[in-house]
Amino acid sequence: MRIDIPERKKLVFELRFPIRWGDMDAMGHVNNANYFRYLEAGRLEWMRSAGCQPDPQGEGPVIVNAFFNFYKQLQYPGDVLLKMYVSDPGRTTFETWATLERSDLPGEIHAAGGATTIWVDFPTQKAKTLPDWMRQLVTV
């Protein structure tokens, strides 16, 4: 099943990083599992830059699902440009989206994915209303 990234979203972060030789699989392209690592790195760097440091004794974001659509293979050597977007804040959740392109092929999307993020109270493991400051960050 293909999930499309929505038209209505807000660009919040960009991250460039090299494709590592170890990211490749036996077929000579970046292993699919690494795309999820790239998405995670982008999401964590965006949250860190926004001052969102999860506190295991307090509250913070947790991913409840994630997906990727693969359009073109990424291969070593090269650099990836990940663009992170947000949308659709709910009472306790918001959506994160990302596109991946090679830095030397601007605008040519190789993969696109996303994840639903829920705000939780870590000690109780219960959903918690998004803080106002986070809601402002993810509102389009």
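The values are calculated or read from the model by the stated rules, or taken from the named source; none is laboratory data. Everything quoted here is computed from the prediction, not taken from an experiment. Counting neighbours? That spans all protein chains shown, and the Cβs are built from the backbone with ideal geometry, glycine included.
Going residue by residue through the range 21-44, is there one that turns out to be in contact with a helix residue (DSSP H, G or I) (Cβ under 6 Å, 6 or more places away or on another chain), of a type in the set (S, T, N, Q) and either within 28 Å of residue 124 (Cβ to Cβ) or free of Cβ contacts under 8 Å to residues at least 12 places away in the same chain (or both)? Yes, that holds for at least one residue. The listed residues are 120, 80, and the only one of them that is more than 23 Å from residue 6 (Cα to Cα), touching a strand residue (DSSP E or B) at 6+ places or on another chain (Cβ under 6 Å), surrounded by 14 or more Cβ atoms within 10 Å (Cβ to Cβ) and modelled with pLDDT of 95 or more turns out to be 120. Output the residues belonging to the range 1-16 that are more than 19 Å from residue 69 (Cβ to Cβ) and either at pLDDT below 95 or among the acidic types (Asp, Glu) (or both). Hit for the range 1-16 is 14, nothing else. One residue alone among 68, 122 is over 23 Å from residue 9 (Cα atoms) and of a type in the set (Phe, Trp, Tyr), and that residue is 122. Scanning the range 35-51 for residues that are surrounded by fewer than 18 Cβ atoms within 10 Å (Cβ to Cβ) and either within 10 Å of the chain's Cα centre (by Cα) or of a type outside the set (D, E, K, R) (or both) gives 36, 37, 40, 41, 44, 45, 49, 50, 51.
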